[in-house]
Amino acid sequence: MFEISPRLNFMKLFFDNRPRAFAEINGDAEYFGIFGDVYFYEVLSGGVLIEAEVFGLPDAGRLDPPIFYAFHIHETGDCSDSFEHTGGHYNPKNRKHPMHAGDLPPLLAGDGYAWLSFYNPALELHDIIGRSVVLHREADDFTTQPSGNSGKKIACGVIKLI
């Protein structure tokens, strides 16, 4: 049976193709082939719909098994010096990992490519503008404090209003 659900509102945001913010993701000198975009759609009932598309990930050429990469919003929007100035995960309520507002689902990549979309009711667009989106070399273990033992930061982008 067909029912009205939030999914239809999310699909309309995608089809209208009017994100309110974005981050252009780029790798550092070691991972210079990584590039992509993260789009942030404001949900009228609250929260943010996030869509990420990333190319050139280190697993290129490997089809099986897919690789997970940790994906987070970090405190500051400074992607300089191999992303050493991004600060910790965005965590306005001072919670333990993985309950930070900036803890995002991992990217699942195959052959160097990943695409992800999800709804995060804990975020509001105005709170994340100017912060950074960071991609890590390893998967987040969702346990280790304070950041999930996710390894080196390999790509970064600053969240900007469109």
In segment 1-24, residues that are out of contact with any Ser or Thr (no Cβ under 9 Å at 6 or more places or on another chain), modelled with pLDDT of 80 or more and either open to solvent by less than 40 Å² (accessible area, probe 1.4 Å) or among the acidic types (Asp, Glu) (or both) total 4
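For every residue, the table says whether it meets (1) under 13 Å from the mean Cα position of the chain (by Cα); (2) part of a loop (DSSP other than H, G, I, E, B).
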{"site": "Pro65", "(1), (2)": "no, yes"}
{"site": "Thr76", "(1), (2)": "no, yes"}
{"site": "Asp81", "(1), (2)": "no, no"}
{"site": "Leu108", "(1), (2)": "yes, no"}
{"site": "Leu116", "(1), (2)": "yes, no"}
{"site": "Leu123", "(1), (2)": "yes, yes"}
{"site": "Asp140", "(1), (2)": "yes, yes"}
{"site": "Cys156", "(1), (2)": "yes, no"}
For segment 87-100, what are the residues that are buried (at least 17 other Cβ atoms within 10 Å of the Cβ) and in contact with a strand residue (DSSP E or B) (Cβ under 7 Å, 6 or more places away or on another chain)? His89, Tyr90, His97, His100
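Can you find even one residue in segment 128-135 that is touching a Pro at 6+ places or on another chain (Cβ under 9 Å) and surrounded by 16 or more Cβ atoms within 10 Å (Cβ to Cβ)?
First pass over segment 128-135, keeping only residues touching a Pro at 6+ places or on another chain (Cβ under 9 Å): none.
No, because not a single residue in segment 128-135 is touching a Pro at 6+ places or on another chain (Cβ under 9 Å) and surrounded by 16 or more Cβ atoms within 10 Å (Cβ to Cβ).
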From Gly27, Gly61, Gly47, grab the single residue that is on the phi > 0 side of the Ramachandran plot and surrounded by 14 or more Cβ atoms within 10 Å (Cβ to Cβ). Gly47
Can you find even one residue in segment 76-86 that is over 15 Å from Val158 (Cβ atoms), of a type outside the set (Ser, Thr, Tyr), in contact (Cβ under 8 Å) with a residue 24 or more places away in the chain and surrounded by 22 or more Cβ atoms within 10 Å (Cβ to Cβ)? no
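Without any contact (Cβ under 8 Å) to a residue 24 or more places away in the chain and either surrounded by fewer than 17 Cβ atoms within 10 Å (Cβ to Cβ) or not in a loop (DSSP other than H, G, I, E, B) (or both): does that describe His72? Talk me through it step by step, then tell me what you get.
On the way: without any contact (Cβ under 8 Å) to a residue 24 or more places away in the chain: no; either surrounded by fewer than 17 Cβ atoms within 10 Å (Cβ to Cβ) or not in a loop (DSSP other than H, G, I, E, B) (or both): yes.
So His72 does not fit the description; no.
Kindly indicate whether any position in segment 50-62 is of a type in the set (Val, Ile, Thr), outside any loop (DSSP other than H, G, I, E, B) and at pLDDT below 95.
Taking segment 50-62 as the starting set, the residues that turn out to be of a type in the set (Val, Ile, Thr) are 50, 54.
From what is left, the residues that are outside any loop (DSSP other than H, G, I, E, B) are 50, 54.
Now drop any that are not at pLDDT below 95, which leaves none.
Taking every residue of segment 50-62 in turn, none turns out to be of a type in the set (Val, Ile, Thr), outside any loop (DSSP other than H, G, I, E, B) and at pLDDT below 95.
The values are calculated or read from the model by the stated rules, or taken from the named source; none is laboratory data. Note that the structure is a prediction, hence the values are computed from the model and not measured. With ideal geometry, Cβ positions are generated from the backbone for all residues, glycine too; neighbour counts draw on all protein chains shown. Note: accessible area is taken over every heavy atom of the protein model, side chains too, but ligands, DNA and RNA are not part of it. Shrake-Rupley method; radii C 1.70, N 1.55, O 1.52, S 1.80 Å.
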